[in-house]
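Data block below; observations after.
Any read-out appearing in this document is the output of simple, stated calculations on the displayed coordinates, not a laboratory observation. Just so we're clear, the structure is a prediction, and the values are computed from it rather than from any experiment. Cβ: placed from backbone, ideal geometry, glycine included. Neighbour counts: every protein chain shown.
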Amino acid sequence: MGRQALKKFAKMVRTGEVVEGSGEYRLGIDLGTANIVLSVVDGSNNPVAGAWRHSTVVRDGIVVDWLGAVRAVQELKEELTTSTGHAFDRAAFTIPPGIDEATVKVFANVVQAADLEVDEVVDEPVAAATALGITDGTIIDVGHGTTGVSLLNDGKVTLSIDEPTGGHHMTLVIAGAMGVDYEEAEKFKKTAKNANIAGPLVRPTLEKMATIAARALEGRDPGTITLVGGAASLPNATGVFSQVLGHPVECPAEPLFPTPLGVAMRRP
Ligand SMILES: Nc1ncnc2c1ncn2[C@@H]1O[C@H](COP(=O)(O)OP(=O)(O)OP(=O)(O)O)[C@@H](O)[C@H]1O
Ligand SMILES: [Mg+2]
């Protein structure tokens, strides 16, 4: 497993490519603030297919548009049914760690309303760690809405915080600095050739995120620190985090995809 599978899965999501797997397929659902991603793995946890949609149905771990969420999951599921030739009647889904039972139920209701039984409820950092073949250490997830910091021990979350600074705030900074609207700033940020301008502009936001992580980890042994989440895609993200944390930080290529890939995978 690990980095190669992650790259393959990222390509599947971006291009719609599907491969033939063996054994029992498993479906996973990652409902995020910016993206809803569905994944399919085969009986040996190899990625088979993926599908995604930009979405605003979840905000900071809360489903704010229930019908929109159900519709998106249903449509992505149908897309994958067609592309893989496989019918799915169950799915695993992610939750931000530490959310209350009632909120977990709302996520479960979305899955069930899309005609899927709940296979497994997976903490986001556990999903990411599974895709990366990690069971211990720190996972820092910089998404669109929030920065999450989780300590894992033996594959279980032993500490977790989530604070509202993410890619959304980077986009606001870029929009303000360049005098462009939000959508344009978001596009600018995600275009690789703009990284030499976007990187320095969002450096203070990255430092804020890294400071959130430093506070969460104060007085603890972080083990290996791994950065995931779409906002870690900027080339200077890893450097800023390791500087502020005073600790080496690893970031896989395609940091947006460990969580959605890992949710479908069977845990060790
Ligand atoms: N190439 C890129 N460069 C910079 N930022 C990027 C890039 N690709 C995606 N992003 C940013 O990553 C964020 C989305 O990441 P991700 O899908 O991990 O978030 P999410 O899971 O939807 O949000 P959250 O975890 O906060 O609920 C967005 O802010 C998006 O702009
Ligand atoms: Mg996320």
Would you mind telling me which residue in G32, G43, G246 has the biggest mean-square fluctuation in a Gaussian network model of the chain, where springs connect alpha carbons within a distance under 10 angstrom?
-> G246
Over the chain: helical MRE at 222 nm, DSSP H runs n ≥ 4 each giving -39500 (n - 2.57), nearest 500 | -13500 deg cm²/dmol
Once you've got the GNM for the chain with C-alpha springs shorter than 10 Å, pick whichever of P96, P47, P200 has the biggest mean-square fluctuation.
-> P200
In degrees from 0 to 90, rounded to the nearest 10, what is the angle of the helix 195-217 Cα long axis to the longest principal axis of the chain?
-> 80 degrees
Give me the compactness ratio for the chain, meaning the Cα radius of gyration over 2.2 N^0.38 Å.
-> 0.95
per DSSP, antiparallel bridges as share of beta bridges in the range 133-250, % nearest 5, sits at 70 percent
Mean shadow area (nm²) of the C-alpha convex hull around the range 133-250 is 7.0 nm²
Cβ-based net charge around A129, under 13 Å, with every Lys or Arg adding one and every Asp or Glu removing one | -4
Give K105/K187; K7/K105; K156/K190; K7/K193; K77/K193 a once-over and call out the pairs whose C-alpha atoms are over 23 Å from each other.
-> K105/K187; K7/K105; K156/K190; K77/K193
